[in-house]
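Structure first, then comments.
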Amino acid sequence: MQRFHWVTVLTVASALLLAFGMTAYQPRRNLPAQARETRDTTRTTAQYPLRTLRIAAAPLAHLPQMQRAIAALVPETFADGTPVGEANIRLTGFGPLRVGMTLDEAEAVLGVPLLPLGSNVSGECAYYQPDFKTQAIGFMAVDERIIRIDVWPGSTIATTSGATLGSTEADIHDLYPKQIEESPNPYTQGKFLTFVPQSAEHQLYRLVFETDASGKVVQYRAGQFPAVTWPDGCV
């Protein structure tokens, strides 16, 4: 008798659950037209602001590229009006900037602010980057005087002899014949190619090119020896 009681309870409970499920589930095709319209309108209303935000935000993802493209249409210039893209790196400077200038003097001739890089700007050695939109270049300063100029990936600046990022090791030897010292570069699996000038007035300066495993220049720098040879910059 007890067994029959539990079977009956389970049967009734199952029937109630099935009935509730059928009532709760109503296919879209069985909804009244007004109910379907209300639900669709609610869904559309909720989704519309999200789609609008996505459309408005899409250009922001490409903002850096847009800024570079605009900058390319309006060439950047130094304070004297000379185009930045036409300037070259030399042993003792870049465009109107000379190694040995103070930070204030550098800003005056470049015509743009120097932005500090890293957290060691209050120390003896620090890095600064001119606020150019089209060139990746940095200055090492010791006691607020520039002693080294770094040209980083993304820059198109060439040396006065014509070396650029992407030049091969053979190109460097051709541009600076019998004046290049080679050493392994564990950072890039390539080499350090150091231009040692022969003129007495430039004996305290060097050009250092870094190549990768394929033998192409990936970055280079110019400035006072020995700071210009430090691969880690300010250490």
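The values are calculated or read from the model by the stated rules, or taken from the named source; none is laboratory data. This is a predicted model, so every value here is computed, not measured. So basically every Cβ, Gly included, is an ideal-geometry build from the backbone, and we count neighbours across all protein chains shown.
Restricting to region 89-124, count the residues that are of a type in the set (S, T, N, Q) and modelled with pLDDT of 95 or more.
Total meeting the criteria: 2.
When you look at residue 146, is it in contact with a His (Cβ under 8 Å, 6 or more places away or on another chain), closer than 18 Å to residue 227 by Cα and crowded, with 17+ Cβ neighbours inside 10 Å, yes or no?
So residue 146 does not fit the description; no.
Is it the case, given these coordinates, that residue 161 is touching a helix residue (DSSP H, G or I) at 6+ places or on another chain (Cβ under 9 Å), assigned to a loop (DSSP other than H, G, I, E, B) and within 23 Å of residue 225 (Cβ to Cβ)?
So residue 161 passes the test.
Here are some residues: 136, 213. Which one is over 18 Å from residue 94 (Cα atoms), touching a Ser or Thr at 6+ places or on another chain (Cβ under 8 Å) and surrounded by fewer than 19 Cβ atoms within 10 Å (Cβ to Cβ)?
Matching residue, one of 136, 213: 213.
Give all pairs with beta carbons closer than 8 Å in which a residue from region 187-210 that is part of a loop (DSSP other than H, G, I, E, B) meets a residue that is aliphatic (A, V, I, L, M); count only pairs at least 6 apart in sequence or on separate chains.
Pairs that qualify, where the first residue is part of a loop (DSSP other than H, G, I, E, B) and the partner is aliphatic (A, V, I, L, M), are 188/213; 188/218; 189/213; 196/180; 197/91.
As an exercise: evaluate residue 200 against (1) of a type in the set (Gly, Ala, Ser); (2) surrounded by fewer than 15 Cβ atoms within 10 Å (Cβ to Cβ); (3) within 20 Å of residue 100 (Cβ to Cβ); (4) touching a strand residue (DSSP E or B) at 6+ places or on another chain (Cβ under 7 Å) and give the number of the one condition it does not meet.
All conditions pass for residue 200, except number (4).
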